[in-house]
């Protein structure tokens, strides 16, 4: 798995370098350099959708284990940092988040279940957000919009199928099949854990009001991300309206989600910004500068997030040693 991730990372890096080279690396860097002080504001603004997304996750945790928003926020920050900066196929960070929550008192099945449901609602609301972007694009670019809507409809079908499998006890079924092929032994405990996870997932979906509230906050987080696009373009010297910002953010995020095997969607994001930017009348150099600004923001927030993660793991290890 790691071997494939590194291959995809290398391919994405080559594609990104090729794009920067073709459109003029110096021009792109000059544009980003001119917006340097604005990047600090962009980093600060990103905290807003991050908090909103954390609230969406909080609704999925058991009411008795929701804890303080600040505690959940730094776990969500660490999760995003891992997904953005490590070859974890956009999944590893969520596993880290479940582990951190379990270390801090949330029962392991409930922590894992909250992540599974959070992923499901996050992707569904992203598809809704992408649909909004495609519809806003439709009046001027009907053919491109129709293709995007078709792709989003297929994605929605797959996510709905995943939801149905969750309700049918996906994890216990998979564990039982694994036990049949590999033998019982230590797999008995795994089946028990998977059954507990399925029960915890069912418990979350039974709280329909909480799930709907989580979806509303998750959609709000996606929508707020368009503000980051607007700010970045403003500091790059390009003024766009809220419609263009929503189109760019929604479709780029949908593209990144579809390209989840590629670490950080490297190369995919850059190509997407060039194609969408050109469609909206934004110069390729500016579109690449916009992508680079987002990468810089990911580094400025992500590196400290990885450090916080290692500190948290170290403290947990020390606590276990002293028990």
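The values are calculated or read from the model by the stated rules, or taken from the named source; none is laboratory data. Please read these numbers as outputs of a predicted model, since none were measured by experiment. So basically every Cβ, Gly included, is an ideal-geometry build from the backbone, and we count neighbours across all protein chains shown.
Looking across 41, 73, 100, 19, one residue alone is assigned to a helix (DSSP H, G or I), in contact with a helix residue (DSSP H, G or I) (Cβ under 6 Å, 6 or more places away or on another chain) and farther than 22 Å from residue 218 by Cα. It is 19.
A search for C-beta distances below 6 Å between a residue of the stretch 46-73 that is in contact (Cβ under 8 Å) with a residue 40 or more places away in the chain and any residue that is exposed (fewer than 15 other Cβ atoms within 10 Å of the Cβ), counting only pairs 6+ apart in sequence or on different chains, returns nothing. Residue by residue through the stretch 233-274, note down the ones that are assigned to a loop (DSSP other than H, G, I, E, B) and either under 21 Å from residue 132 (Cβ atoms) or touching a residue at least 12 places away in the same chain (Cβ under 8 Å) (or both). Listed by number, the residues that qualify are 236, 237, 238, 240, 241, 259, 260, 261, 262, 266, 267.
Of all residues in the stretch 145-159, exactly one satisfies the criterion of being surrounded by fewer than 13 Cβ atoms within 10 Å (Cβ to Cβ) and closer than 16 Å to residue 119 by Cβ, namely 158.
Out of curiosity, is residue 112 crowded, with 20+ Cβ neighbours inside 10 Å, part of a helix (DSSP H, G or I) and without any contact (Cβ under 8 Å) to a residue 60 or more places away in the chain? So residue 112 fails the test. In the stretch 275-323, the qualifying residues are those that are loosely packed, with under 13 Cβ neighbours inside 10 Å and outside any helix (DSSP H, G or I), and the one that is farthest from the chain's Cα centre (by Cα) is 323.
Screening the stretch 84-96 for residues that are assigned to a helix (DSSP H, G or I) and in contact (Cβ under 8 Å) with a residue 40 or more places away in the chain and picking the one that is nearest to residue 259 (Cα to Cα) gives 84.
If the condition is being buried (at least 22 other Cβ atoms within 10 Å of the Cβ) and under 15 Å from the mean Cα position of the chain (by Cα), then the stretch 55-76 contributes 56, 57, 75, 76.
Return only the number of the condition from (1) within 25 Å of residue 62 (Cα to Cα); (2) touching a helix residue (DSSP H, G or I) at 6+ places or on another chain (Cβ under 7 Å); (3) in contact (Cβ under 8 Å) with a residue 24 or more places away in the chain that residue 133 does not satisfy. Residue 133 satisfies all of (1) within 25 Å of residue 62 (Cα to Cα); (2) touching a helix residue (DSSP H, G or I) at 6+ places or on another chain (Cβ under 7 Å); (3) in contact (Cβ under 8 Å) with a residue 24 or more places away in the chain except (1).
Of the residues screened, residue 106 is not one that is assigned to a helix (DSSP H, G or I), buried (at least 17 other Cβ atoms within 10 Å of the Cβ) and either modelled with pLDDT under 90 or out of contact with any strand residue (DSSP E or B) (no Cβ under 8 Å at 6 or more places or on another chain) (or both).
Residue 134 meets each of the listed conditions (1) within 20 Å of residue 110 (Cβ to Cβ); (2) crowded, with 18+ Cβ neighbours inside 10 Å; (3) modelled with pLDDT under 95 apart from (1).
Out of all the residues in the stretch 245-255, is one or more surrounded by 15 or more Cβ atoms within 10 Å (Cβ to Cβ), farther than 22 Å from residue 79 by Cβ and over 18 Å from the mean Cα position of the chain (by Cα)? Taking every residue of the stretch 245-255 in turn, at least one turns out to be surrounded by 15 or more Cβ atoms within 10 Å (Cβ to Cβ), farther than 22 Å from residue 79 by Cβ and over 18 Å from the mean Cα position of the chain (by Cα).
Among 171, 162, 129, which is under 18 Å from the mean Cα position of the chain (by Cα) and either farther than 29 Å from residue 244 by Cβ or modelled with pLDDT under 90 (or both)? It is 162.
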